[in-house]
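Comments concern the structure below.
The values are calculated or read from the model by the stated rules, or taken from the named source; none is laboratory data. Just so we're clear, the structure is a prediction, and the values are computed from it rather than from any experiment. Note that we place each Cβ from the backbone using ideal geometry, even for glycine, and neighbour counts take in every protein chain shown.
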Amino acid sequence: MEFFNLGWSEILLIFTLAFIVLGPDRIKKFGGELGGFLRKLSKDGLFREVVQTTDELRNYPRKILNEAMLDQPVMYDQAEKSMLHSPKEGIDIEPGEEQVQG
């Protein structure tokens, strides 16, 4: 599980360094202030709009693929019917004649 694109070992390292740098008393105060800030930030309308926009941008390639139906499997029997010469027929070429490529 990742949180802010960090693994558990990285999060543990950050908490350990914070504990060493801030100490047990200041880390408690810092945690309370950080929690209050995050609570205010999550209720802010501009922040919610930014999160919604980033979600839309993240899902935009998937939306394009769904609309273009590029993620659907190709139906080869239908594709062969729409071809000018199906692979089963073959094209008869006399020996010595060259095939014109277009």
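Some notes on this structure:
- Some residue of the range 1-18 being of a type in the set (Gly, Ala, Ser), surrounded by 10 or more Cβ atoms within 10 Å (Cβ to Cβ) and under 26 Å from the mean Cα position of the chain (by Cα): yes
Rundown of residues vs (1) modelled with pLDDT under 90; (2) at positive phi, yes/no style:
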{"residue": "ASN5", "(1), (2)": "yes, yes"}
{"residue": "TRP8", "(1), (2)": "yes, no"}
{"residue": "ILE11", "(1), (2)": "yes, no"}
{"residue": "LEU22", "(1), (2)": "yes, no"}
{"residue": "ASP25", "(1), (2)": "yes, no"}
{"residue": "PHE30", "(1), (2)": "yes, no"}
{"residue": "GLY36", "(1), (2)": "no, no"}
